[in-house]
Number of protein chains: 4
Amino acid sequence: MSWNSFGRVLRFTTWGESHGPAIGAVVDGCPPGIALTEADIQPWLDKRRPGTSRFTTQRREPDEVRILSGVFDGCTTGTPISLMIENVDQRSKDYSEVAKAYRPGHADYAYDAKYGFRDHRGGGRSSARETASRVAAGAVARLVIPQVRVRAWVEAIGGDTIDPARFDAGEIDRNPFFCPDPEAARRWEALVDEARKAGSSLGAVIACEATGVPAGWGAPLYAKLDAELAAACMGINAVKGVEIGDGFAAASLSGEQNADPMRPGADGPEFLANHAGGIAGGIATGQPIRLRVAFKPTSSILTPVETITREGDATEIMTKGRHDPCVGIRGVPVVEAMVALVLADQALLHRAQCG
Amino acid sequence: MSWNSFGRVLRFTTWGESHGPAIGAVVDGCPPGIALTEADIQPWLDKRRPGTSRFTTQRREPDEVRILSGVFDGCTTGTPISLMIENVDQRSKDYSEVAKAYRPGHADYAYDAKYGFRDHRGGGRSSARETASRVAAGAVARLVIPQVRVRAWVEAIGGDTIDPARFDAGEIDRNPFFCPDPEAARRWEALVDEARKAGSSLGAVIACEATGVPAGWGAPLYAKLDAELAAACMGINAVKGVEIGDGFAAASLSGEQNADPMRPGADGPEFLANHAGGIAGGIATGQPIRLRVAFKPTSSILTPVETITREGDATEIMTKGRHDPCVGIRGVPVVEAMVALVLADQALLHRAQCG
Amino acid sequence: MSWNSFGRVLRFTTWGESHGPAIGAVVDGCPPGIALTEADIQPWLDKRRPGTSRFTTQRREPDEVRILSGVFDGCTTGTPISLMIENVDQRSKDYSEVAKAYRPGHADYAYDAKYGFRDHRGGGRSSARETASRVAAGAVARLVIPQVRVRAWVEAIGGDTIDPARFDAGEIDRNPFFCPDPEAARRWEALVDEARKAGSSLGAVIACEATGVPAGWGAPLYAKLDAELAAACMGINAVKGVEIGDGFAAASLSGEQNADPMRPGADGPEFLANHAGGIAGGIATGQPIRLRVAFKPTSSILTPVETITREGDATEIMTKGRHDPCVGIRGVPVVEAMVALVLADQALLHRAQCG
Amino acid sequence: MSWNSFGRVLRFTTWGESHGPAIGAVVDGCPPGIALTEADIQPWLDKRRPGTSRFTTQRREPDEVRILSGVFDGCTTGTPISLMIENVDQRSKDYSEVAKAYRPGHADYAYDAKYGFRDHRGGGRSSARETASRVAAGAVARLVIPQVRVRAWVEAIGGDTIDPARFDAGEIDRNPFFCPDPEAARRWEALVDEARKAGSSLGAVIACEATGVPAGWGAPLYAKLDAELAAACMGINAVKGVEIGDGFAAASLSGEQNADPMRPGADGPEFLANHAGGIAGGIATGQPIRLRVAFKPTSSILTPVETITREGDATEIMTKGRHDPCVGIRGVPVVEAMVALVLADQALLHRAQCG
């Protein structure tokens, strides 16, 4: 089954393939009266845009978004917002080999197994290019919940982790790695360059924090805030793990170590710790929402890998197209977008039931 | 918002509180003609049932399931299957303190913040007791996909991990920890006993494997198989992390190390590795589906923790009720149930679109 | 496919067969803090209850509802409300013939064609008995929108229509036909008695009005208020037609005749007519919502009708069970319930998007 | 709330306003491997296209559809199909008056009441122009169920009904009224011309028949085939009533008159009548599906009608734009599209559960 919509009340549907004429998203359920122009969306797309440094794919896409509906006199009308991004720099010739043999780690074989047929050009629908649609939709979501700030960064590349003591939010946008630790950023420059030159690739861990989320958002028991965030992030291309708060580390703690004690505060309760990542029972506690997402290394590498052809014969494949040496880096704006979309949806859901 | 249904085509809805008269699930969309009696469900409930060893809560619940609809002459009719489990051993007096003050790590404060009001008895709706409904529904899901085998086990308790070299599937049901490594099981006995006696608690990691899943199941892009599994597992009480395949470890690998090369096999492709956990592009590859789930330590501990009252005043709380020293242990049948429910849903979704 | 849930935000799921142990509904998404006890639901069930006059089926069901979850200290908690009604007076022996041959006009053949198998006792899932679950859920919906009054009545039986000039709302509950015209009620007594004694049956038209619905409710374009009402009513057993406002009569009018002119009023606009039935563009205008629903005559009659057996052989069938001579009469509380459920859902949807 | 998606498994989402740059639909869940080009869709859009005779609006729109995704090498890939139609002939100046005062019978007031704000140009989102998106989506749906033939026609205009004895399916496409009775077509020419010249408008009744629908399609109890058809048709602009089979006429029949007896036939049961319109218990019986839809007269008329301004002051309005004198005529391809979309969705739903 194809299921290209996400959200319960604020819903978006994406469409488009890597090498088709365009990609896009339809955002439905957005409240009316919110000021919105292309200029509110473009900066987030620019953040995700390929070709901005030598550490990302060299495909050149301006990724200019057009709003085709749902906005009048500069404001949302409450009707569906159709967003379209034209594909400009498709070089389908790069992908001729992909038509014949399956790239391990890619969705090629799985799509063929499912649909009996696939658009092989640049990965077709399974390409990370689709995440531009998410980023565009996410920009709308941010405007729905202006009280919330969603910010992600890269915490580790290829197993080399930042030093939390050197965390400086101001650094995140000053280097091509969305890295909050300037020393780590310098190390990663060498690391990613090496991988790029070797035709290899690296995995990454992204951390994300949302502040300003009021206690109460979350839709138990089967649209819990943490479950929705997990689905939203695990569904991003190349993601293999999601943690809320301490995540897997919590499994090694005792109940005493893991407690988040509370005290009376000036403005509601004050929490003395945030092991839970701001969510209890699937509902926001009012603390910062914290999560981490693991990206596998880009599957496209220049080393030949054993594989089979569509006909089932043995062969080798080496992925020659233009690719990110570390796909996790450009995952930063995508994680932010998905988290914003979940939170905006939960904000409206909460209002529906609890006024 | 309250959202108590899960699934797209095979959908289930659960209801009930820890100390109400009963809990239950309505399973809708189940194919007709499947042989089903209470005896098909009861063994899975027994596996989750409290009070079977000193390592779980001492609440005594027979957890006997009744099928109230959807079955005729011993077979499913294609109409909704209503499953009910009566609550027998509720001791509401244990929870009088909970009415007044918030237990850190529990959903108490979040529920009040959301609804302005909560059934505090035993955690009400947020109690892990609700997972019995999931296990009952999951037993039905297993029958929908008899070709699939879903099996989970405990991989680590309190940071003490099994030795993969000693993995023996036959051991899993021979000890109270669902532990496949008999030596680890012995160590955990001491470990959990110690925590229990100290009124403390421990976290755990559960691993789950589903074999027999054909290549092609999965509903990209927003109901991807891995995203659905992540939501299903992250929504289980006390879960803080989910990994598919190598999960976070993949973030430290290079593209060459992470590759899952393919070769022609007797019966479709043969994969030389399974870093991906059997899912590519959100679609099953035909390999075993592998995932890991992190459970935090039980929040109920006998050590007093700083907290606030409903009125916002400072106080301390110590949770005296009957609790699991390691809630992750009884998570095993719950993870299995959720994985079975996702897979059965995806099986029907795949059939809808791809015949 | 089986699809036993209705609603977008306030959702309910029903389960149960005519001759199973019980039937019920799970209402999810209800706002918290609403006073609710069985006594709020029972009067509506009593209104639908069979056996209250000689003009309805003689099956004796107390139809006592139990609330199994979602209510604490007399108030809704925001968690799912499970409602259960036990089946008491099942006489399955009446239905032995139904197991073998298909009753024309009933769902027997269609269910077998769909599922290959069916619970034939009393129509199983397709029995109008299921509508008791809707009435129970509808009673909850009414409490969600206390500003709205939903009231239905019978407008015609067997083609004999009330005189609008004699419409007296106070009469509706004073006769067994929910008839607002006392003269028509007298005529119907003879009419229905005659049909009953002859083992025949009659169709009916029900009218429904909802007042107090504010302008703005409705979810265009694919959950328009009129579309949702049409689905809700057309899905009631035996319904074959739904009209909003003037309905089919509007098709014979000119634009001038059909206009609903507006004037400034004391409290928003004053409408000079209501051909539209209070809905424009799928959104409530603030006028009374008006609709009409056509019920076919009960398919169960004592005249033998040509049919086929399950094996496909020719036979005749005569439905001997206990049936309503005019199933439309007991449709009144069911139409009311479905209209209340749609309106409550739309109220919450409106709040989600428009605050 | 805005809710612009329709369907359960085969889902489509529409977007766009009358005077925006374009309108469109995203069709998700379509099976893979179906041959599809713009040429499969265009003829249905041409059938709905305005300006083809003097009996429809004189707005000139080529309504050329572009497929932007979901098709590769001439076949559907199973991924979302994005369809776009550019708006070419917008004359926004015609609508200046609409910005200031509410047109009775239109959605103007209701949209403002809901959203506080609206795109008034040509009715914005509430314009019947949106139905072009439905027709495009419906063309895809037809290809999903090639065994089914869906055909609609106009049965009455302004109360003047065709003579069933003169029904000739071949006539439907030979006159500008989709009229199967050539004599009625001649009468309607005069009738509609008269209304057009007088600046008046007329209502219409459309009948629709779907043949080739196998017994078993339908998703009881809350996505019954008849309920879905009712929602699909009632949601079309200007529709005020829907009947399945005999519809309201059935309410005047006795059970004997309304029976659809069955006999053994060469190829499954043979039905001796079809009062039910091919649906029992919400499930197709294998007979032709028959329904009727009532369209009110176009609300835009040249006679001034009393109304109020946005500020609530009394005024009169006369709708000067380009409008259909009988909007029901162009409703024919829209009804067909919606019926095809419901049936295709039900086909896939049936396959999901029943294989």
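The values are calculated or read from the model by the stated rules, or taken from the named source; none is laboratory data. No experiment lies behind these values; they were computed from the predicted model shown. For neighbour counting, all protein chains shown are included, and Cβ atoms are generated from backbone atoms with ideal geometry for every residue, glycine included. Keep in mind that these areas ignore ligands, DNA and RNA; they rest on the heavy atoms of the full protein, side chains included. Shrake-Rupley method; radii C 1.70, N 1.55, O 1.52, S 1.80 Å.
Remarks
- The order of D:61, A:155, C:97 by accessible area, most exposed first and with a 1.4 Å probe, is C:97, A:155, D:61.
- Surface accessible to a 1.4 Å probe, residue B:109 within the full protein complex, Å²: 40
- Of the DSSP H helices in chain D, those that are both long (alpha-carbon extent of 27 Å or more along the helix axis) and hydrophobic (Kyte-Doolittle mean at least -1.0) are D:331-354.
- For residue C:190, label point 7 Å along C-beta direction: distances to other copies, nm: 4.5, 9.6, 10.5
- Each principal axis of chain A carries a Cα extent, and these read 66, 49, 37 Å when sorted largest first.
- Listed residues D:309, D:319, D:285, most fluctuating in chain D (Gaussian network, C-alpha, under 10 Å): D:309
- Ligands, DNA and RNA aside, residue B:263 has an accessible area near 100 Å² when probed at 1.4 Å.
- Hz values of 3J(HN,Hα) by residue in the stretch A:212-222 - Karplus curve (6.51, -1.76, 1.60), Gly and Pro given as x: x, 7, x, 4, x, 5, x, 10, x, 9, 10
- Peptide A:291-303 shows a mean partner chain C-beta count of 5 within 10 Å per residue C-beta.
- Coupling constants for the stretch C:272-286 follow from the phi torsions by the Karplus curve (6.51 cos²θ - 1.76 cosθ + 1.60, θ = phi - 60°), and in residue order they are 8, 7, 9, 4, 7, x, x, 9, 10, x, x, 10, 5, 9, x Hz; glycine and proline get x.
- Choice from A:134, A:174, A:103 showing the highest fluctuation, given a GNM over chain A with Cα pairs closer than 10 Å: A:174
- Partner chain coverage, peptide D:115-123 - average Cβ within 10 angstrom: 5
- 3J(HN,Hα) from dihedral phi, the stretch C:72-77, Karplus parametrisation 6.51/-1.76/1.60, rounded to Hz, x for glycine, proline: 9, 6, x, 10, 5, 9
- Counting only other chain Cβ atoms within 10 Å of each residue's Cβ, the peptide A:163-171 averages 0.
- Lys/Arg +1, Asp/Glu -1 at C-beta; chain D dipole; positive extreme among D:312, D:223, D:74: D:312
- Most mobile listed residue (B:154, B:293, B:88) in chain B, GNM with C-alpha springs under 10 Å: B:88
- Rel. contact order, % - alpha carbon contacts under 8 angstrom, at least six apart, the stretch B:151-272: 19
- For residue A:2, nonlocal amide neighbours, meaning residues 5 or more places apart or on other chains whose placed amide H falls under 5 Å from its own, are D:29.
- Distance cut-off 49 Å, percentage of C-alpha pairs in the protein assembly as shown lying past it: 31
- Rg/Rh for the stretch D:93-203, where both radii come from Cα atoms and Rh is the Kirkwood radius: 1.08
- Cross-link reach is defined here as a Cα-Cα straight distance under 18 Å, omitting same-chain residues fewer than 8 places apart; for residue A:114 the lysines meeting it are A:100, B:224.
- Distances between copies of residue D:51, taken at a point 7 Å out from Cα along the Cα→Cβ vector and listed shortest first: 3.7, 6.8, 7.8 nm.
- Residue-level accessible surface for residue C:120, protein heavy atoms, 1.4 Å, Å²: 40
- Rel. contact order, % - alpha carbon contacts under 8 angstrom, at least six apart, the stretch B:216-355: 30
- For residue D:197, a cut-off of 16 angstrom between C-alpha atoms picks up these lysines, skipping any fewer than 8 places away in its own chain: D:320.
- Pairs of Cα atoms farther than 21 Å apart, the stretch C:180-312, %: 57
- Distances from residue D:318 to itself in the other copies, using label points 7 Å out along the Cα-Cβ axis, amount to 6.9, 7.9, 8.7 nm in increasing order.
- Farthest positive-ward along chain A dipole, Cα basis, beta-carbon charges - from A:344, A:41, A:323: A:323
- For residue B:268, no residue 5 or more places off, or on another chain, has a built amide H under 5 Å of its own.
- Under 5 Å from the amide H of residue C:253 lie the amide H atoms of D:203, each residue being 5 or more positions distant or on a separate chain, with H modelled from the backbone and absent for Pro and chain starts.
- For chain C, the relative contact order comes to 22 percent (Cα pairs under 8 Å, sequence separation of at least 6).
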